[in-house]
Every structure is written in C-alpha cells, then in structure tokens.
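This report refers to the structure that appears directly beneath it.
What follows draws every value from the coordinates through simple rules; no lab data is involved. Please read all numbers here as calculations on a predicted model, not as lab measurements. Ideal geometry is used to build each Cβ from the backbone, glycine not excepted, and the neighbour counts take in all protein chains shown.
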Amino acid sequence: MRTKEQVKREILAAIDRRAEQIVSLGEQIRRTPELGFKEVKTARLVEEAFTGLGLAPKTGLALTGVRAELRGAAGGPTLALLGELDGLVVSDHPLADPATGAAHACGHNCQIAGLLGAAMGLLETRAMEALSGRIVFFAVPAEEYGDVEWRVDQARRGKLEFLGGKPELLRLGLFDDVDLAMMIHTTARPEDRKAAVGVSNNGCIVKTVRYLGRAAHAGGAPHRGINALYAASIGLAAINAIRETFRDEDTIRVHPIITHGGSQVNVIPSLVRIETYVRGKTVEAILEANVKVDRALRAGALALGAKVEIETLPGYLPLYNNEAMAKVFKDNAISLVGEAEFASVGHRTGSTDMGDLSHVMPALHPYMGGARGGHHAADFEIADPVLAYVAPARALALTAVDLLWDGGALARDVLKVSKPRMTKEEYLKFQRGLQGRELFDGNAPHPASPRGGEEKR
Ligand SMILES: [Zn+2]
Ligand SMILES: [Zn+2]
C-alpha cells in the first residue's frame, strides 16, 4: 500500500517527466486561439490527448466540450477538474487569429495544458487505485461571454439555450453526477504572486440593445430622419451619469460597446446596436443596477423619438470560492511554490461562469501565475511556461489526491459543511427568469404634451 505522500511524489515525478510535452500542448493551443462554442481544433486536441491516455472521452458537449472520467474505489464523491477551451477577441494581440481576432489573452490555454498534465500524472501513476470516487476531466467551452449576436442566433436555432459554457453544460445535465468542481485560472497580476485564492467574483447579466430610428438623407433632409446614433449616445451618457449612484461595496461595472453604429455616412443612422454587461457583487446589486441601466437606455430613445429594444440575457452568477476546498488547494500550492509566493486575495470584479457552478456545488477557482501583461489585453503573454502550464497540472492532481484519499474523506467533509445556494432546478428557473425583451417607443403619445406628445413627421 502506498502512502498518500508516496502517491503525490510519484505524480509530481510523472508530471515532471512530461513537462516538455505539457508546455508544448499549452503553446500549441496558444497559437490556435478559438472563440467560445467554436473551439473545434482545441477540442480535438483534448480528445486526442485523452484517448492517447486510454480514456474514453465524450465530445461535442454544449457544442465543443470534452469530458472523460477516471474511477477509483466505489462509493466516493465525484470531483470535476475543469479547463476552459476558449480565447476571446483581442484583434491587436500579436497571436490573434487574423480571421476571427481570437487570442488567448486570458490564459485559458494554460488551463487545458494543466488539465491534460494532471490527467497524465494521475493516470501514469495509477493514482485512482489509491483513491475513492471519480475524477471527471472536463474541457469546457465558452467562458468568455462575447460574440453575443452569434450566440443569440445559435439559441434561436435551438443549438444553445444559455450563452455561456458552464451554464449550458449544467442545463444539459453534464454536471448532474459531479459533487464538487475546481479549475485553476492563470494570472498575470503581480499581487497574485505564484498562486492565489480569492473570496468571490462579480456576477453579471448581459444585454443587447437596438436603437431604431429612421434613415434619411443626412445632407438634404435630416429633419425627416430619426438619428439612432444620437439616441444611443444619449443612452450611453445617461448610463455614465448614473454611475455615481452605484455603491462602492456593490462593485458595479457597466461597460457598453457599440457593435453597429450606422451604415453609410450620408445616411442618418436608423439602427445602432449595443452590447453591455451589468456586473455586481451580489445578485440584488446587479438587478438594481440593471433597472437603472434600462431607464438610462430609454432616455436616449425618448430624446430623439426613436425606439429602443432592450434584450436582457442571463449572464453569470457571482462566484463564491468554497473555503474548505480553498484550504486544500492552498496547502498544496504552498508545497509547490512556497509560502511567500502564495496570496490570499479578496473580491474580484471580473465574472466567470464558475460562479454558476459555485451556486449548485462546492467550487474553487484559484489562480496560478506565469503570465504577464493585462488580461484581455494585447500584451498578455506567457512569461514562465513551467509555472503557467506545468504548475497547475501539479496543483490540480495533488488537490484531487487529498480530496479523494481515504474513501474521499476530505471531499465528504467539504460536502458536509457546504450547503449549495441553489438546486439545479432553482438555478435554471432563476436564470430563465432574468430573460426579457422590452420595446420602448420614445415617440409614444404623452397626454401632458400640447400635441399629445407624438411628433408627426
Ligand atoms: Zn477572461
Ligand atoms: Zn479567463
């Protein structure tokens, strides 16, 4: 019988023997960035790697997800180790795909390398013979919530319901047999040092907005037009004006972009499209800010007598890192990087669909270093490939060993003290309840106005 320490040492040695291969997988993915739900090449690479290890992966989950599992002794809990497949559009990144603008500017390529490396270490050492329960290796699509129009279109065609990877996988039942889940996100923030765990992350809802005006000759007859761009810019200015009503402790973030701003310069724009998130620390804060954002958007339509169509989509719930799992990760991370290189960080204002998982099961989303530059920025790059690609493999595998050792005792403890905030059914109901579409007519009759409020042109 091997001791836990022996198994861990063997896993570390196995991962180190594969270090070059793990780095090269991470680099290969970095050079093949794909957008969410379209990670076809990356998914194939994961599938081939899993198959090469003797696993039997299921593919095409929520379009591109790949899942495989390892069984230990019967009766233990099931732990999912996750890696995110997608890049995001940062067109001026030096490694951006020239056709799509996709780049790995959030380091998700490191997650996949780490996931594959963890699988290698656990398989090669037959670690499951000493563990109970199951480990699910899950490469998941579409963490970055962008490319919204395309995704909405996929939803209309019935190919998706939720527009983020983990929510969609949850809906499809692909986490029904999972008890707890973890992943490791790469970080470029110096304050995170080599490994870090935060407390929580903002959640968000997503909005698509269409200002509808009327086209007219911009030189000859602008009075005949309704300028949708001006309506939109007043809506955006109104959003900026309400920022001072947001409380610091709610960490609200609203950051709209115009995705279509007019068609031809000598035509008064009749259509402007906007996308935005409304992020916040709690669901209540997000919903409150959302009411104000909708009001601000209507103001633009009202000023110009345009129409505005506001579509609200479920985004991601706030992330709450499970403290008991965080402790297990922290001990392992310190054993790998040293106490001085571990950081405990507070609340983060980005959002992740790991937040959704954290509402239905104990979940952990820590960070490991190795990157530099800005996340989602053109200067994001891998500074230390061993730390970025190999260290997460080690930390994932060691944490899994701790959780599933001794009949899965630690994992059982985690489950005992952590009551999920929602059942899966409650989660689905809540997210579906956020969905809404409003058409506001800024030129609707107004009884107090001398001409009935309606402008007749
Ligand atoms: Zn990101
Ligand atoms: Zn990310």
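For this structure, a couple of remarks:
- Charge dipole of region 1-98 (Cα centre as origin; +1 on each Lys and Arg Cβ, -1 on each Asp and Glu Cβ, all else neutral): 480 debye, rounded to the nearest 20.
- Mean sequence separation of contacting Cα pairs (under 8 Å, at least six apart), scaled by the length of the chain, corresponds to a relative contact order of 21 percent.
- The shape of the chain comes out prolate: with a ≥ b ≥ c from the C-alpha gyration tensor, a/c is at least 1.5 and a/b beats b/c.
- Against the rule of thumb 2.2 N^0.38 Å, how large the Cα Rg of region 320-457 comes out: 1.69
- Pairs from the table (41/159; 38/419; 194/327) lying more than 25 angstrom apart at Cα are 38/419.
- Summary value for region 77-166: 34 percent relative contact order, contacts being C-alpha pairs under 8 angstrom separated by 6+ residues.
- Per the Cα gyration tensor, region 115-181 maps to an equivalent ellipsoid with semi-axes of 32, 13, 8 Å, ordered largest to smallest.
- Here region 41-148 is treated as a Stokes sphere of Kirkwood radius computed over C-alpha pairs; at 20 °C and 1.002 mPa s its diffusion coefficient rounds to 145 µm²/s.
- The distance separating the Cα centre of region 241-264 from that of region 87-132 comes to 32 Å.
- Cleavage-rule hits, trypsin sites (Lys or Arg not before Pro), region 206-250, DSSP coil, Cβ neighbours within 10 Å at most 12: 247
- Ellipticity estimate at 222 nm from DSSP helix runs (n ≥ 4, -39,500 (n - 2.57)) divided over the chain, nearest 500: -11500 deg cm²/dmol
- Exposed loop sites were defined as GluC sites (Glu not before Pro) in DSSP loop states (anything but H, G, I, E or B) carrying at most 16 other C-beta atoms within 10 Å; in the chain the longest segment without such a site runs 1-453.
- Alpha-carbon Rg/Rh ratio, for region 369-423, with Rh computed the Kirkwood way: 1.22
- When only alpha carbons are used to place a centre, region 401-429 and region 4-83 end up 22 Å from one another.
- Amide H contacts under 5 Å for residue 134, placed H, 5+ residues apart: 72, 78, 79
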